[in-house]
């Protein structure tokens, strides 16, 4: 199970004044299937948007799901639409939240592990 989290508010400038892009007002829309490699992996694009007094701002978040492992990874995000007359100032940031990296593993190994290391020294000719 995963979800996309909006980490920070953003802002933009219009006519010399700064306006906020509040994360709480950004809406997630229905995801779009992207590339797929058989039963190995599938990419998905998740669109987000917010309508402000100066126009629409939209983003796409791209994830990849490794189907056999049942693991999802965050590939990135990009702004895809914003009003022409504005200058983006502070970026709205997205990230993936996932409680379990490998849900097929039924128990966690919480035992401390001790690893022995040996250092090798380079021989020098004398």
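Here, each number is a calculation from the coordinates, and none is a lab measurement. Keep in mind that this is a model prediction, so the values were computed, not measured. Heads up, the Cβs are rebuilt from the backbone with ideal geometry, glycines too, and the neighbour counts pull from every protein chain shown.
Just give me the residues in the range 27-39 being surrounded by fewer than 13 Cβ atoms within 10 Å (Cβ to Cβ) and either within 18 Å of residue 91 (Cα to Cα) or in contact with a strand residue (DSSP E or B) (Cβ under 7 Å, 6 or more places away or on another chain) (or both), in sequence order.
Listed by number, the residues that qualify are 27, 29, 32, 33, 35.
When the range 1-10 is limited to residues that are buried (at least 16 other Cβ atoms within 10 Å of the Cβ) and in a strand (DSSP E or B), the one that is nearest to the chain's Cα centre (by Cα) turns out to be 4. Could you please find all residues in the range 21-76 being in a strand (DSSP E or B), free of Cβ contacts under 8 Å to residues at least 24 places away in the same chain and more than 15 Å from the chain's Cα centre (by Cα)? Once the filter is applied, which keeps residues that are in a strand (DSSP E or B), free of Cβ contacts under 8 Å to residues at least 24 places away in the same chain and more than 15 Å from the chain's Cα centre (by Cα), the range 21-76 yields 27, 32, 33, 35, 36, 37, 51. Pairing each residue of the range 1-20 that is without any contact (Cβ under 8 Å) to a residue 24 or more places away in the chain with any residue that is in a strand (DSSP E or B), provided the two are 6+ apart or on different chains, yields C-beta distances under 7 Å for 20/11.
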